[in-house]
Amino acid sequence: MTSDPDVKFWALRELPPFPAIATKLLRLFADDDVEIREVVNLIRADTAFSSELLRVANSPIYGLRSQVSSVQHAVVILGFDRMRSFAMTISMKNFLRTAMRIDVLRRVWRHSLACALVAEELAPLFWRNGDRTSRDRAYTAGLLHNLGRLALLVKYPQEYANLLAVVSENPFDVLETERELFDVDHCEAGGWLAKAWTFPPEIAEVAVSHHEPPVKGEADLTNLVRSAVLLTDWLGFDVTPLLPLKTAAELEAMLPESACAFLEADMSPRKRLIVQKLDSFD
């Protein structure tokens, strides 16, 4: 019997590689002394990434005052923190591109992106210094919380789509069902992939524990994302239907006090804005 711990993760072998530009950009942005020239040169070297960046940056939903006409202009006007968010979003979309034609994968992708947007809005509520850096950190963690599920969908699109269909119609636990089919659930898969792709350790922690309920009184990144997942599902961006649907009062009882400040009497304007932002990345 082999003692290789990675044998358990056979289902994640031979995945398409995560776009190299994303990890290179993350390393650059981690350097406090990085120069704009280095970032611009790296992005310019990837024509497809550059084109997608300019398309998204010029989307009306972001309300930039002038047309973004070049990569350098985009980097200057967006700033490093927003660029990091854009880079990860575009790279994840490119990783998923081959399987995006499957409706369920597109639904999981939109859930992940909606969770990123909700997490970004929760950052100043959880952390008093809700500056651009902390908002970007929350956005990235929200975007990648479902990394394992997205990867399983890319590798086994039809099998995983069938799994979700069965779980939606029957009282089966999704994590247990995943383990029966793939030997790992998507939380374990996300933690393993985050390490394999050298993402920050906090991303692995979020991926592993995002199915756990939020904890009252805790304001760390993991608890923020757990709250964001719950709110994202409640807003209607869930992967599998919530049965029964929680009332606002029930939801408040489950959330940390900081996250409750996100709730409003009429959530429809906030939901419309999220939909508009999701559509801008389509």
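Does SER50 qualify as being farther than 27 Å from LEU181 by Cβ, surrounded by 15 or more Cβ atoms within 10 Å (Cβ to Cβ) and either of a type in the set (D, E, K, R) or modelled with pLDDT of 80 or more (or both)? Against the criterion (farther than 27 Å from LEU181 by Cβ, surrounded by 15 or more Cβ atoms within 10 Å (Cβ to Cβ) and either of a type in the set (D, E, K, R) or modelled with pLDDT of 80 or more (or both)), SER50 qualifies. Listed by position, the helices (runs of 4 or more DSSP H) inside segment 219-282 whose residues that are in the same structural domain as VAL104 (by TED's automatic domain parsing), under 28 Å from PRO201 (Cβ atoms) and modelled with pLDDT of 90 or more number at least 1 are 221-232, 248-254, 257-260.
Yes/no per residue for (1) free of Cβ contacts under 8 Å to residues at least 40 places away in the same chain; (2) more than 20 Å from ARG270 (Cα to Cα); (3) not hydroxyl-bearing (Ser, Thr, Tyr):
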residue	(1), (2), (3)
LEU78	yes, yes, yes
ILE102	no, yes, yes
ARG106	yes, yes, yes
LEU122	no, no, yes
TYR139	no, no, no
LEU150	no, yes, yes
TYR156	no, yes, no
SER168	no, yes, no
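Being under 16 Å from the mean Cα position of the chain (by Cα), of a type in the set (Phe, Trp, Tyr) and buried (at least 21 other Cβ atoms within 10 Å of the Cβ) is a property that PHE237 has.
If you check THR177, THR198 for being over 14 Å from the mean Cα position of the chain (by Cα) and at positive phi, only one passes: THR198. Given the conditions (1) at pLDDT 90 or above; (2) over 21 Å from ASP185 (Cβ atoms); (3) buried (at least 17 other Cβ atoms within 10 Å of the Cβ), and given that PRO124 satisfies all but one, which numbered condition is not satisfied? (3) is the only condition that PRO124 fails. Candidates in segment 203-216 are the residues that are more than 13 Å from ASN146 (Cβ to Cβ) and touching a residue at least 40 places away in the same chain (Cβ under 8 Å); of these, the one that is surrounded by the most Cβ atoms within 10 Å (Cβ to Cβ) is PRO214.
Within segment 25-33, is even one residue crowded, with 18+ Cβ neighbours inside 10 Å and at pLDDT 85 or above? Scanning segment 25-33 turns up no residue that is crowded, with 18+ Cβ neighbours inside 10 Å and at pLDDT 85 or above.
Just one residue in the set TRP234, TRP192 is farther than 17 Å from CYS115 by Cα and of a type in the set (Phe, Trp, Tyr); that residue is TRP192.
The values are calculated or read from the model by the stated rules, or taken from the named source; none is laboratory data. All values derive from a computational prediction rather than experimental measurement. Note that we place each Cβ from the backbone using ideal geometry, even for glycine, and neighbour counts take in every protein chain shown.
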